[in-house]
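Values in this text are rule-based calculations from the coordinates and carry no lab data. All figures in this text were calculated on a predicted structure; none of them were measured in a lab. Note: ideal-geometry Cβ built from the backbone for every residue, glycine included; neighbour counts use all protein chains shown.
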Amino acid sequence: MRAVSVKTLRTLADVGVALAILAAVIFIIGVFVIGWLTPVQAQTRPPMMCAPYEDVKKGLAKKHNERLVAVGIHAQGDRLVQIFASPDGATFAIIIFHQNGRACIPASGTDWIAIPQGDPA
């Protein structure tokens, strides 16, 4: 049986360490590539409900007893933002009123609380 030198053992150990490091790097790169190629599931939200303004206004009054409580001009200046809420604050809806007479509801919810103007945030 032939004796293996210490130098040969060190060389084999160095090669083994290098292969282990290379395998770890390949594994990490593979994880990132798979994560990058995997499509992210988009958060879906229900389609925005739009209808003629009067229909939306009447529907909110009939279904939720909501009335107009606030209004402002959208930052782009081409539409109104209105907030409708029920008198008890149980429900509310944000309405975007477009120049073409249509209104869309981008958000609605529950537990509306009116903050008096001038109160600190």
Would you mind estimating how fast the range 49-110 diffuses translationally, via Stokes-Einstein at 37 °C and 0.692 mPa s with the Kirkwood radius over Cα pairs, in µm²/s?
286
Magnitude of the Cβ-charge dipole of the range 49-110, K/R +1 and D/E -1, about the Cα centre, nearest 20 debye?
120
If the chain between Asp111 and Gln76 were fully stretched, how many nm would it gain, using 0.36 nm times the residue separation less the Cα-Cα distance?
9.7 nm
Simple spin-label estimate for His98/Met48, 7 Å along Cα→Cβ, in nm, reads 0.8
